[in-house]
Amino acid sequence: MKGLIIKDLMCLRKMRATFVFVTVSSFVITVMALISARCGNIALAEQEYLTGETDMPMSPVHVLWYAVAVLVLLPLASIGDSLTLAFEADKNAGFTGIAGALPVSVKQRITARFITLFLTCGTGTVISLALSVILSLFTDIMTFGDFAGLVMSAASLILIFSSMEMVLIFILKMKNTDYVRIISLLIMAAAFILCSLKRIIDALRDMKPTELITDGLIFLENRWFILAASAAVCLLVSYFVSAGIAERKRGEI
């Protein structure tokens, strides 16, 4: 099983350059923006906004808050699709045709794929948390607790997304992982809309869509444990369902 994990990580080595580039870029851009917020153009724009010398609809610092939240999550998001990429690599290399001949059980192969998911997602989470520690020293826009809540929420959402992908990959017989991504995104979007329908309607009625975004970020900062618990449940269900489907399909993984 260790060999399967190493194989998956080797298949994902192309992600390393993207991951490093995104991480470095996010850090540099964020630090430059925060410096500007203290003694640069953003600071001047904020002063003009507070004194009423500009007709900007939103505080520049508030806009920066949104931008910093996104940039902190980019390193994690850049490797969030590792599951389908691993399946695509197996398909392109012809590995799926010989997988059944390996001296490991179907459940062990499923377990190896989940361990790969945890390793990649865990790496992105650690890097994003490290970036959060550094950025929290530069700004009072967010505390490390706020940053950490965002990162843990994002990691939980990625795991929920990946757990759905795993099940759908077996249902669709791995013919096209693009369909898997789209269906998983649609399911998550539908779940979000259903859970937040009243708030969405109220925000649109009051013509204040930014409040909906702000409320969403505040929820991610402070209620990450709800998403983490949901991710744990989804991963358990996905593991047993995927293993069951794979065994019936003679271990097509």
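Taking residue 137, is it modelled with pLDDT of 85 or more, surrounded by fewer than 19 Cβ atoms within 10 Å (Cβ to Cβ) and in a helix (DSSP H, G or I)?
So residue 137 does not fit the description; no.
Would you be able to say whether some residue in the range 41-60 is within 19 Å of the chain's Cα centre (by Cα), at pLDDT below 80 and either surrounded by fewer than 20 Cβ atoms within 10 Å (Cβ to Cβ) or in a helix (DSSP H, G or I) (or both)?
No, the range 41-60 contains no residue that is within 19 Å of the chain's Cα centre (by Cα), at pLDDT below 80 and either surrounded by fewer than 20 Cβ atoms within 10 Å (Cβ to Cβ) or in a helix (DSSP H, G or I) (or both).
Hey, can you tell me all the residues within the range 140-166 that are of a type in the set (Val, Ile, Thr) and crowded, with 21+ Cβ neighbours inside 10 Å?
If the condition is that a residue be of a type in the set (Val, Ile, Thr) and crowded, with 21+ Cβ neighbours inside 10 Å, then 151, 158, 160 are the ones that fit.
Of all residues being basic (Lys, Arg) and assigned to a helix (DSSP H, G or I) in the range 1-28, which is surrounded by the most Cβ atoms within 10 Å (Cβ to Cβ)? Just the residue, please.
Looking at residues that are basic (Lys, Arg) and assigned to a helix (DSSP H, G or I), I get 7.
Which of the residues spanning the range 200-228 are of a type in the set (A, V, I, L, M, F, W, C) and at pLDDT below 75?
Residues satisfying the conditions are 200, 201, 203, 204, 207, 212, 213.
List, please: which pairs have Cβ atoms under 8 Å, are six or more places apart or on different chains, and start with a residue in the range 31-49 that is more than 11 Å from residue 61 (Cβ to Cβ) and end with one that is among the hydroxyl-bearing types (Ser, Thr, Tyr)?
What qualifies is 48/54.
Taking only pairs six or more apart or across chains, which ones have beta-carbon atoms under 9 Å, a first residue in the range 227-238 that is surrounded by 13 or more Cβ atoms within 10 Å (Cβ to Cβ) and of a type in the set (Ser, Thr, Tyr), and a second residue that is at pLDDT 90 or above and not in a helix (DSSP H, G or I)?
Pairs that qualify, where the first residue is surrounded by 13 or more Cβ atoms within 10 Å (Cβ to Cβ) and of a type in the set (Ser, Thr, Tyr) and the partner is at pLDDT 90 or above and not in a helix (DSSP H, G or I): there are none.
Need pairs with beta-carbon distance below 7 Å; first residue at pLDDT 75 or above and within the range 69-86, second assigned to a loop (DSSP other than H, G, I, E, B); sequence gap 6+ or separate chains.
As it stands, the answer is 82/12; 85/12; 86/12, since those pairs meet every condition given.
The values are calculated or read from the model by the stated rules, or taken from the named source; none is laboratory data. What you see is a predicted model; the values in this text were computed from it and never measured. Glycine also receives a Cβ, built like all others from the backbone with ideal geometry; neighbour counts cover every protein chain displayed.
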